[in-house]
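Visitor: What follows is a structure written as structure tokens; I'll ask about it next.
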Ligand SMILES: Nc1ncnc2c1ncn2[C@@H]1O[C@H](COP(=O)(O)OP(=O)(O)OP(=O)(O)O)[C@@H](O)[C@H]1O
Ligand SMILES: [Mg+2]
């Protein structure tokens, strides 16, 4: 198992009372699997994904990575966990606007490796892999939505993560571009063996997964393998 | 791409904001550099002036009013010339070039002039302005000007010895430049005062002081002419600054109890006062700028942090630690500090060079050592200002890029 979570709960305090965005949830994610998560808006999909990626501290519960317990409350450890093992792809691409495509990727590489030339070479490779070798010096606003998402995917892969987390990666794209991006994610999962967890609204996109999860009010409703 | 490259790119990306962020610190540093430059140069100018004007201690009769140092001796009551010997025999350290004087207003035709009797041997030696202009070739090395980096001048230093000239002949005179102009006098000509004819040895160069309105003749001739006996109205003394501050004046007052002893500093003190004020003002400015500068840089960085919440979230998401966020913000402040320090130095120096001659009438040249100080100060201010915003930025959640847009 790449990830095992046990009795995970995330409670938000709001003016109208506390809400369990993730409610006592347990789940195993095998190495190399492709998990898709669906559910109504507000069902806790993003919250779960953030916890899986070490971006958000749960209120209670445990999480194991490669059978090793993670100290979820230790901010520093979680930052290291992110840079070593996790890549993120967001609906809004999350690129830094004043950096070029190439720089957006090499700034991620720089977290672990500060050899400039090495990083540049690796960033070029990644851009080529997502089919953007002719867009290296373009800024995000000079790229189409699909191209921006491909840069974001290349960045997510920069440090060879074991786990790729995607939160509605096609939410801002039209259907044909969506298919292209979904194809890339599938390829990453199949060819590189990277474990992919993707949150999506689209039932069509959800079909790409080999494990399909549906959430309701922060609880697992359906698991289909 | 390293974090330093990112920082520089971000600075460049938000150029217009950077300019306004830099403005406060540049102006602040500029004001300090400007004031410092002018006050340092003007302190030097005061010292040089004191030296150029010759004597800086004046012994006057008790009853004299001393509104103006340069004209206090005119028509003053008198005291015996033998007082000079009293001072000489007392062997006070820090006293040299005593110049006894007797001054009286006289009429030549319709013009009022001041006839001053001097003993030129000492008088001329204590007036370097005259020497510079070629009256005598005597070397005057003494200077009261505090020389930076040297020990306080000791008066007994042989370098400080001044040589006088031979006596002014009984019927020779020197004519001040204003007198020469008004009476249309030329060198080698003659001048009749109170029925006595003097030959004009030299027309003195302009000094900008009352000396320009004077005719100088031998003291003893003047005493005879005015029938005063062996009386004088003032003794000018070249005192050493360090000796003056060591209480020379009160020692002299003990020797000559029935006189009034004053220094040029007490009367021509406006410029010295101004300098003192400038120093105080620059200290006040320094404190204000420390506060205002740090707060305005802090404010600028804080606005920058808020604008970059999403970006900071992205950096945290891809694995950067809090300390990396601190680093990029403090680094940004550091760069702004360096740029602001250099720009402030340039602005302040240019302002001082341009305004100096107009406001206080002295030529101001740049002080290069201030550059390092202003960079250091500027870095201190901006890094100080960035600390709180950087700390707050570390608290931005790594996923905040998703909560927005
Ligand atoms: N920072 C927060 N503070 C308070 N409540 C929050 C916060 N973030 C999420 N929530 C609440 O937690 C619940 C789950 O939110 P989450 O974003 O995980 O839902 P989601 O399934 O991703 O929804 P969507 O499909 O609209 O993206 C929601 O009720 C949401 O309002
Ligand atoms: Mg969501």
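The values are calculated or read from the model by the stated rules, or taken from the named source; none is laboratory data. What you are looking at is a predicted structure, and each value in this text was computed from that prediction instead of being measured. Every residue, glycine as well, gets a Cβ built from its backbone with ideal geometry; the counts of neighbours run over all protein chains shown.
Visitor: List every residue pair whose Cβ atoms lie under 6 Å apart, where the two residues are 6 or more positions apart in sequence or sit on different chains, the first residue falls within region A:176-204 and is free of Cβ contacts under 8 Å to residues at least 60 places away in the same chain, and the second residue, located anywhere, is in a loop (DSSP other than H, G, I, E, B) and away from ligand 1 (no atom under 16 Å from the Cβ).
Guide: A:182/A:208; A:188/A:194
Visitor: Conditions: (1) facing another protein chain (nearest Cβ under 8 Å); (2) at pLDDT 90 or above; (3) within 21 Å of residue B:322 (Cβ to Cβ). Residue A:76 meets all but one. Number of the miss?
Guide: The single condition residue A:76 does not satisfy is (2).
Visitor: Let me ask something else. Residues in region B:316-329: is at least one away from chain A (no Cβ under 13 Å) and farther than 26 Å from residue A:90 by Cβ?
Guide: no
Visitor: So, one more: Would you say residue A:91 is within 24 Å of residue A:184 (Cβ to Cβ) and within 14 Å of another protein chain (Cβ to nearest Cβ)? Spell out the reasoning first.
Guide: Details: within 24 Å of residue A:184 (Cβ to Cβ): yes; within 14 Å of another protein chain (Cβ to nearest Cβ): yes.
Here the answer is yes, as residue A:91 does meet what is asked.
Visitor: Follow-up. Take residue A:55 and decide whether it is surrounded by 13 or more Cβ atoms within 10 Å (Cβ to Cβ) and within 16 Å of ligand 2 (Cβ to nearest atom).
Guide: Working: surrounded by 13 or more Cβ atoms within 10 Å (Cβ to Cβ): yes; within 16 Å of ligand 2 (Cβ to nearest atom): yes.
Yes.
Visitor: Considering only region B:57-86, how many residues are modelled with pLDDT of 70 or more and either surrounded by fewer than 18 Cβ atoms within 10 Å (Cβ to Cβ) or not in a helix (DSSP H, G or I) (or both)?
Guide: From region B:57-86, those modelled with pLDDT of 70 or more are B:57-64, B:73-86; that's our starting set.
Next cut, either surrounded by fewer than 18 Cβ atoms within 10 Å (Cβ to Cβ) or not in a helix (DSSP H, G or I) (or both) only: B:57-64, B:73-82, B:85-86.
Residues in region B:57-86 being modelled with pLDDT of 70 or more and either surrounded by fewer than 18 Cβ atoms within 10 Å (Cβ to Cβ) or not in a helix (DSSP H, G or I) (or both): 20 in total.
Visitor: Working only within region A:1-37, note down all residues that are within 11 Å of ligand 2 (Cβ to nearest atom) and either more than 14 Å from chain B (Cβ to nearest Cβ) or in a loop (DSSP other than H, G, I, E, B) (or both). Talk me through it step by step, then tell me what you get.
Guide: Just the residues of region A:1-37 that are within 11 Å of ligand 2 (Cβ to nearest atom), to begin with: A:21, A:37.
Answer for region A:1-37, where residues must be within 11 Å of ligand 2 (Cβ to nearest atom) and either more than 14 Å from chain B (Cβ to nearest Cβ) or in a loop (DSSP other than H, G, I, E, B) (or both): just A:37.
Visitor: Here's something else I'd like to know. Only one residue in A:96, A:105 is at the interface with another protein chain (Cβ under 8 Å from one of its Cβ atoms) and either in a helix (DSSP H, G or I) or free of Cβ contacts under 8 Å to residues at least 60 places away in the same chain (or both). Which one? If you could, list the steps in order and put the result at the bottom.
Guide: Values: A:105 fails: at the interface with another protein chain (Cβ under 8 Å from one of its Cβ atoms).
A:96 is the lone residue from the list that is at the interface with another protein chain (Cβ under 8 Å from one of its Cβ atoms) and either in a helix (DSSP H, G or I) or free of Cβ contacts under 8 Å to residues at least 60 places away in the same chain (or both).
Visitor: Could you count how many residues in region A:42-60 are within 15 Å of ligand 1 (Cβ to nearest atom), in contact (Cβ under 8 Å) with a residue 24 or more places away in the chain and on the phi > 0 side of the Ramachandran plot?
Guide: Adding up the residues that qualify gives 1.
Visitor: Right, next: Of all residues in region B:390-405 being within 14 Å of ligand 1 (Cβ to nearest atom) and surrounded by 15 or more Cβ atoms within 10 Å (Cβ to Cβ), which is modelled with the highest pLDDT?
Guide: My answer is B:396.
Visitor: Tell me, please, whether a residue that is surrounded by 15 or more Cβ atoms within 10 Å (Cβ to Cβ) and away from ligand 1 (no atom under 15 Å from the Cβ) can be found in region A:9-21.
Guide: No, region A:9-21 has no match at all.
Visitor: Any idea which of (1) touching a residue at least 24 places away in the same chain (Cβ under 8 Å); (2) crowded, with 23+ Cβ neighbours inside 10 Å; (3) at the interface with chain B (Cβ under 8 Å from one of its Cβ atoms) is the one residue A:126 doesn't satisfy?
Guide: (3) is the only condition that residue A:126 fails.
Visitor: Can you tell me which residues in region B:183-197 are part of a loop (DSSP other than H, G, I, E, B), without any contact (Cβ under 8 Å) to a residue 40 or more places away in the chain and either over 13 Å from residue B:109 (Cβ atoms) or in contact with a strand residue (DSSP E or B) (Cβ under 7 Å, 6 or more places away or on another chain) (or both)? Don't jump to the end; show me each part of the working.
Guide: At the first step, the residues of region B:183-197 found to be part of a loop (DSSP other than H, G, I, E, B) are B:184-189, B:194-195.
Filter once more, so that each one left must be without any contact (Cβ under 8 Å) to a residue 40 or more places away in the chain: B:184-189, B:195.
Within region B:183-197, B:185, B:186, B:187, B:188, B:189, B:195 qualify.
Here's the yes/no breakdown for (1) within 14 Å of chain B (Cβ to nearest Cβ); (2) touching a strand residue (DSSP E or B) at 6+ places or on another chain (Cβ under 6 Å):
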position	(1), (2)
A:117	yes, no
A:120	yes, no
A:131	no, no
A:144	no, no
A:153	yes, yes
A:167	yes, yes
A:176	no, no
A:180	no, no
A:183	no, no
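Visitor: If we keep just the residues of region A:185-213 that are within 16 Å of ligand 1 (Cβ to nearest atom) and assigned to a strand (DSSP E or B), which is surrounded by the fewest Cβ atoms within 10 Å (Cβ to Cβ)?
Guide: Of everything passing the filter in region A:185-213, A:212 is surrounded by the fewest Cβ atoms within 10 Å (Cβ to Cβ).
Visitor: Which condition does residue A:48 not pass, out of (1) within 14 Å of chain B (Cβ to nearest Cβ); (2) in a helix (DSSP H, G or I); (3) surrounded by fewer than 18 Cβ atoms within 10 Å (Cβ to Cβ), if it passes all the others?
Guide: Of everything listed in (1) within 14 Å of chain B (Cβ to nearest Cβ); (2) in a helix (DSSP H, G or I); (3) surrounded by fewer than 18 Cβ atoms within 10 Å (Cβ to Cβ), residue A:48 misses just condition (3).
Visitor: Filter region A:159-183 down to residues that are within 13 Å of residue A:89 (Cα to Cα) and surrounded by fewer than 20 Cβ atoms within 10 Å (Cβ to Cβ) and give me whichever is nearest to ligand 1 (Cβ to nearest atom).
Guide: Taking region A:159-183 as the starting set, the residues that turn out to be within 13 Å of residue A:89 (Cα to Cα) are A:161, A:163-172, A:181-182.
With surrounded by fewer than 20 Cβ atoms within 10 Å (Cβ to Cβ) added as a condition, the list becomes A:171-172.
On the way: A:171: 9, A:172: 13 Å.
Per the criteria, the residue is A:171.
Visitor: Looking at residue A:171 and the list (1) over 13 Å from residue A:36 (Cα atoms); (2) within 14 Å of chain B (Cβ to nearest Cβ); (3) away from ligand 2 (no atom under 16 Å from the Cβ), which single condition is not satisfied?
Guide: The one condition residue A:171 does not meet is (3).
Visitor: Tell me, which residue of region B:348-361 that is in a helix (DSSP H, G or I) and surrounded by fewer than 20 Cβ atoms within 10 Å (Cβ to Cβ) is modelled with the lowest pLDDT?
Guide: First, pick out the residues of region B:348-361 that are in a helix (DSSP H, G or I): B:348-359.
If we keep only those that are surrounded by fewer than 20 Cβ atoms within 10 Å (Cβ to Cβ) as well, we get B:350-351, B:353-355, B:357-359.
Values: B:350: 95, B:351: 93, B:353: 91, B:354: 91, B:355: 85, B:357: 80, B:358: 80, B:359: 74.
It comes out as B:359.
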